Each structure stands twice: as structure tokens, then as C-alpha cells.
1. Looking at the range A:64-85 only, could you name the residues that are within 12 Å of chain B (Cβ to nearest Cβ), hydrophobic (A, V, I, L, M, F, W, C) and either more than 24 Å from A:Gly28 (Cβ to Cβ) or in contact with a Pro (Cβ under 7 Å, 6 or more places away or on another chain) (or both)?
2. For the structure I just gave you, tell me whether B:Thr283 is touching a Ser or Thr at 6+ places or on another chain (Cβ under 9 Å), closer than 22 Å to B:Ser323 by Cβ and of a type in the set (Ser, Thr, Tyr).
3. Answer yes or no as to whether A:Gly190 is touching a Leu at 6+ places or on another chain (Cβ under 9 Å) and on the phi < 0 side of the Ramachandran plot.
4. In the range B:264-291, how many are closer than 21 Å to B:Pro154 by Cα and either among the small types (Gly, Ala, Ser) or in contact (Cβ under 8 Å) with a residue 24 or more places away in the chain (or both)?
5. How many residues, within the range A:191-201, are under 14 Å from A:His229 (Cβ atoms) and touching a residue at least 40 places away in the same chain (Cβ under 8 Å)?
6. State the number of residues belonging to the range B:132-191 that are at positive phi and free of Cβ contacts under 8 Å to residues at least 12 places away in the same chain.
7. Can you tell me which residue within the range B:62-72, out of those that are of a type in the set (Ser, Thr, Tyr) and either without any contact (Cβ under 8 Å) to a residue 24 or more places away in the chain or in a loop (DSSP other than H, G, I, E, B) (or both), is farthest from the other protein chains (Cβ to nearest Cβ)?
8. Being within 14 Å of another protein chain (Cβ to nearest Cβ) and more than 25 Å from B:Ser140 (Cβ to Cβ) is true for just one of B:Arg83, B:Arg59. Which residue is that?
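The values are calculated or read from the model by the stated rules, or taken from the named source; none is laboratory data. Predicted, not measured: the structure shown is a model, and the values here were computed from it. Cβ placement follows ideal geometry from the backbone for every residue including glycine, while neighbour counts extend to all protein chains displayed.
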Amino acid sequence: MLTPRQLYETVLRMRLLEEGVGVAVQTGEIHGEMHLGIGQEMVSAVMGQYLQPRDALVSTHRPHLHALVKGVDPVQMLAELLERDGLNHGKGGHMHLFDPVASFMCTGIVGSGAPIAAGYALHRKLVAQGGLTVAVVGEGAMNQGAVFETMNLAAVLSLPMVFLCENNDYGISVPRRLSTAGQLVERGAGFGINGWECDGVDQRALDEAFSAAFADTRKHSRPTLIVAHVYRFRGHYEGDTDHYRPAEEKETAFRDRDPLLVARRDLVGAGWSDERIVALDGEIGREVSDWFEAARSLPFPDPSEARRGTFVDV
Amino acid sequence: MCESAGASDRRTGAHLVAAVLMEEMRRDEGIVVFGEDVGALGGVFGATRRLQREFGDTRVFDTPISETAFVGMAIGAAQAGLRPIVEIMFVDFIGVCFDQVLNQMAKNHYMSGGRVRVPLVMRTAVGSIGSAAQHSQVLSATFAHIPGIKVLFPATPGDLRGLLVAAIRSDDPVVFLEHKWLLKSRLVELPFNDADSPDSPVEPAAVGKVRRIRDGSDVTIIASGWMVQQAVVAARELETADISAGIVDIRSLVPLDREGLASEALRAPCALIVDEDFAGFGTTGEVMASIAERIPGEVRMARHALDVSQPAALVLEEQVVPSARSIALQAKRLLRA
């Protein structure tokens with residue numbers, strides 16, 4: 001399990017990264033759609049301990065936190081987000097980050113990453129044994145056929161893959177009760193897939209789920225499912241009016257389900273003084289602002305890049 | 001893998017495909033073959049026959065009827081380093097997995113800034129066999145319209161082998177359209193059979209080059225897939241009416257040999273563009289535009305392609321799908337115009 005300091009540092013890095021990206025949207029530095037993971041940090045922070053370099057991860061339209069823990073270079077990622085000559089030379093942007101070195105990718109189409117994750121898992125089953133693949137989905141994607149087809153296929157082929165469902169209770173504006181029947185974790189059971197459901201701001205519960213599911217998938221080369229309950233602190237996208245969520249619901253969540261506050265509480269519980277925490281905040285703050293500075297120092301993509309790369313050889 | 005010499009008469013296009021797959025799988029251990037009924041059955045058209053027996057069920061395996069899942073799996077496996085060959089049994093089924101084709105397979109190389117490659121081949125059976133509008137489509141232009149997918153459409157046994165090898169060795173995603181009549185017909189009975197020695201080692205064909213099948217000075221028939229075979233029969237019929245018809249095989253819709261089309265079209269005053277796909281927003285218009293842009297006003301052109309969905313009954317199908325007879329008729333009409 002991460003120490004209180006490790007957890008706090010990791011969550012804080014993620015928070016500052018996402019907040020900085022949010023500012024870049026407001027100032028017009030980023031002109032595309034933007035989905036931030038503020039409120040969902042602890043899930044990725046805990047998952048990071050269990051990911052190995054040989055594993056692959058296929059993420060969603062809300063991908064930055066997963067990318068960080070999978071080892072994607074934050075400066076390269078930020079440069080891509082800031083529409084510079086970054087990770088993918090300005091052609092992927094925030095929803096389509098591809099890092100073959102870190103075995104990370106994401107897709108902006110809800111649920112469509114799961115089948116691709118199965119392909120990375122097939123590769124691990126056939127030629128890179130021991131590695132696994134994580135398919136991240138939201139609870140909205142759990143109503144996509146692609147996810148069910150992939151669960152069935154992964155079970156039939158005994159693919160080493162972990163389905164991670166980050167359940168933030170809203171598919172854009174539609175609450176889960178209006179879109180989703182039954183219990184999410186039980187959907188794995190129908191395919192014979194072992195599932196764990198946990199509170200996504202409870203470090204111990206997350207740790208139990210990730211350690212058990214990853215161990216099961218690695219040992220038996222078979223799929224598992226984790227459903228982690230989180231709250232999305234921002235609108236679906238930056239600029240979302242977010243009038244569809246009750247104010248009381250948001251206030252309660254901001255108070256009780258903020259991963260950063262929870263991690264800070266644990267730090268205080270471990271005997272950290274305010275002064276030490278402030279010093280640590282300053283340290284992490286400088287680290288993240290250095291990322292932004294380095295990313296902003298990179299050039300914009302060469303205009304000729306737009307017409308390059310439809311094919312490998314044309 | 002080789003059939004006895006006495007049995008070679010019975011060889012069909014499906015045998016050629018299976019032999020190429022066999023040869024390429026021996027050459028490259030990264031190749032895996034999966035799809036519906038490709039394992040024990042060897043494909044509904046027999047194009048993967050004996051592969052599972054030869055290479056085992058880890059490299060050749062059946063999937064559930066879940067095109068989205070297994071096409072996506074092929075994309076991910078290709079990006080991870082394998083070279084998957086997937087079969088979409090009938091091209092008509094592409095609708096159920098179109099996101100994987102449109103937004104993933106086609107786009108990931110470009111969106112990654114060239115950092116991931118998607119070396120996969122999607123083999124799929126196309127064309128009218130009397131099975132109506134959900135089992136007789138070609139849909140070549142549907143794929144060709146999407147940037148990032150190569151679309152190969154062999155018309156002859158030689159290309160069925162050579163273009164398939166080229167597709168397998170390509171580092172880009174390739175949709176490989178196998179016409180059902182080419183898969184099912186005995187090669188010796190084809191109007192145009194260029195498979196002299198089907199057991200010879202196969203070389204990759206050049207991708208993106210048209211091929212002149214027949215010389216002609218009155219009209220050039222430009223076609224792809226089974227329509228090329230039909231055009232060969234039509235040209236013979238036209239010859240009896242003293243009309244000299246040349247034939248150009250498009251072979252590769254993406255990349256399209258636009259320069260080659262224009263220079264071939266210059267060889268006769270008229271060009272008839274024939275397609276078994278739908279006419280609207282399709283290959284016929286693209287070919288005509290490519291020619292018109294390069295040699296404006298030089299060649300009189302007409303097109304002959306489907307303007308409705310494929311009906312089931314033969315008498316109706318014959319009304320809709322171009323055939324040797326209708327191609328000859330359209331060529332005569334163009335010459336009279």
C-alpha cells in the first residue's frame with residue numbers, strides 16, 4: 001500500500017496537472033473539448049502500484065490520470081494537450097494519446113477501447129506472458145455492446161485483462177439510475193468474471209480490489225472486473241453548465257469525497273504538521289509547474305505534419 | 001498444402017487464399033488468423049481451410065459472433081506487435097463493428113503521429129450471389145471513403161495471391177475484398193485466369209497500380225473485382241460487333257492509381273466505368289473525376305453501377321447488378337452517344 005506521503009503526492013500531482021489544463025482551456029490555449037479527472041485521482045494513484053511496464057492500458061476520453069500512472073511522460077502529454085509538437089505531434093490531442101513505449105493509449109469513443117485492450121491482452125497471452133492489459137471504462141460504457149462483447153471474448157479466450165469501471169454516476173448529464181439496470185459488478189458475473197466493487201476514495205478498499213484482481217488476472221490469465229465508485233468534480237467537459245446535478249449533492253461530495261482532502265487527512269493522521277505539508281505542496285507545485293513550462297517551451301507542430309501519416313508508406 | 005496435379009482442375013480462389021495464408025504464416029510467426037468459423041470449418045468459403053490443423057488453435061481460432069470485439073482485438077493485437085488477419089464473413093456485417101473500422105483501425109496511426117502501426121488485414125467476402133441486400137453488397141467505396149484504410153479488390157487469381165501477400169506484408173490496415181464468385185469458381189472456368197502455376201512461390205503484387213487486362217481502341221472498360229471478369233466476356237461479345245474494347249483493372253481503390261487511370265483512358269475515345277458497388281458517391285464517380293481532372297474533355301465517359309439495393313430473385317438481380325451482357329449494352333450505348 002502507498003504510504004500516506006506517496007498517496008498525497010501522487011494525488012496532488014494529478015490535481016495540479018488537471019487544474020493547470022483547466023486553466024489552459026479557459027485562456028484558449030487549448031481549443032478542443034476537455035475532460036478532467038478531478039475527483040477520480042485516488043483510483044489511478046492506487047492502480048499505479050500494481051501496473052508493470054510490460055502491462056498495457058487502454059483508457060477513455062478522460063485519460064490523463066491513467067496516462068500518468070502508466071508511465072507516459074507528463075511533459076510530452078502536456079505538450080500534446082497544449083496543441084504543441086507533443087506526444088503525437090499534435091494529431092491526437094487530449095482524447096487520443098498514444099505512447100507505444102509505455103503501452104498506453106486511449107480513445108474518445110465510449111466503450112470502444114475495451115476490444116482494443118483485448119488485442120493487447122491477446123499479444124500478452126501469446127508472446128509476452130505475465131503482462132496484462134487494463135481496459136478502463138466509465139459506468140456509461142457499461143451499456144455499450146462493445147464492452148459486453150469484449151467481456152465474453154476475454155473470458156472465452158482466457159485473456160489476461162482487467163476491466164476497470166470508474167463509476168462516477170453520470171453519463172454526461174444522465175444519472176445512472178435512468179440509464180443503467182442492475183448492479184454494475186454483477187455484469188461480470190454473467191460471463192464468469194470475478195468482480196470487486198469498492199469506494200474510489202477509500203485507499204484500503206481500492207488496494208484490496210486492485211491487489212486481488214491484478215493477482216487473479218496475472219496468475220490465471222483470465223479477465224477480472226473492478227468497479228470503483230467516484231464523484232466527478234467538474235462538469236463532463238470544461239464549459240459544461242453542470243446544472244443537472246443538485247447543488248447539495250455536489251457540496252456533499254466536495255466535502256466528503258475529495259481524494260486530495262482524504263489523502264491530506266491521512267497525512268495529518270500520520271503525524272505530519274501543517275508546515276511540513278505546506279513545504280511538500282510547494283515541492284510538488286514546482287514539479288508540476290516545471291512540466292507546464294517545459295511543455296510550453298516546445299514548438300507548435302510543423303504545418304506539414306497535418307498531411308503526414310495517413311499511412312506508413314504513402 | 002499442395003493438391004495433387006490431377007486435382008488441380010478443381011482448384012478455386014478459396015484454395016489460393018488458403019495457400020497464401022499457409023505460406024505467409026510459415027514465413028511470419030506473428031501472423032494470427034481469427035474470425036467466425038475460420039477454425040475447424042476453415043471458413044464458410046473454405047479460404048482458411050487446413051490452417052488450424054497446421055498451426056494449432058492459438059494462431060488460428062474461431063471467435064464468437066462479436067465483430068466489434070474481435071475486430072477491435074485485431075487492432076490492439078496489431079498495435080502491440082502481432083500481425084492479425086481477421087475475416088468478416090460477409091462484408092455486409094461490417095455495420096455491426098463500424099466504429100472499430102471508422103474510428104480506430106483507420107485513425108490510430110494518424111492520430112498517434114505515426115507512433116503506432118496497425119498492420120492488420122481484414123479479409124471479407126463481397127458481391128452478388130442471389131442473397132439480397134444484407135448478403136450481396138460490395139461496399140468497397142464505404143471503406144475507401146475513410147482516410148487510413150487501404151482497400152484492395154483482386155479481380156484475377158494472380159492478384160488474389162499477389163495482392164493478398166502485399167496486404168499481409170503491409171504495415172497499414174488493409175481491407176481485402178474477396179469476391180464470392182472468385183472464391184467459389186474453378187479457376188480453369190474463369191473468363192480471365194492468370195494463375196499459371198498456383199503452387200509457385202507467390203510474390204507481392206504492386207499496390208496502387210492499375211493493370212491493363214486487354215487492349216482496345218474503341219472503348220476502355222474500367223472495372224474492379226468480378227466486374228473485370230464480366231468485362232472480359234463483354235469485350236468478346238463486343239468484338240463480334242467489331243467493337244474493340246480494352247479493359248483496365250483498378251485492383252487497388254486505396255491507394256488509387258489516378259495517373260494510371262488517366263493514361264489508360266487516353267487509349268480510346270470512350271471509357272465505361274463499371275462497378276458492382278453503389279453508384280452514388282462511389283468508385284465510378286471517383287474514377288471519372290480522376291480522369292476528368294487530368295485530361296479534361298479528352299474522353300467521353302459513362303458509368304454503370306448499382307442504383308438500388310440488391311434484390312433476392314434472379315430476374316430482379318439481373319436488372320440491377322452489372323453483367324457481361326449489360327456491360328456490352330452500355331458500351332454500345334456510349335459509343336452511339
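1. Listed by number, the list holds a single entry, A:Val72.
2. When the stated conditions are applied, B:Thr283 passes them.
3. no
4. Qualifying residue count, the range B:264-291: 17.
5. Residues meeting the conditions: 2.
6. 0
7. B:Thr63
8. B:Arg59
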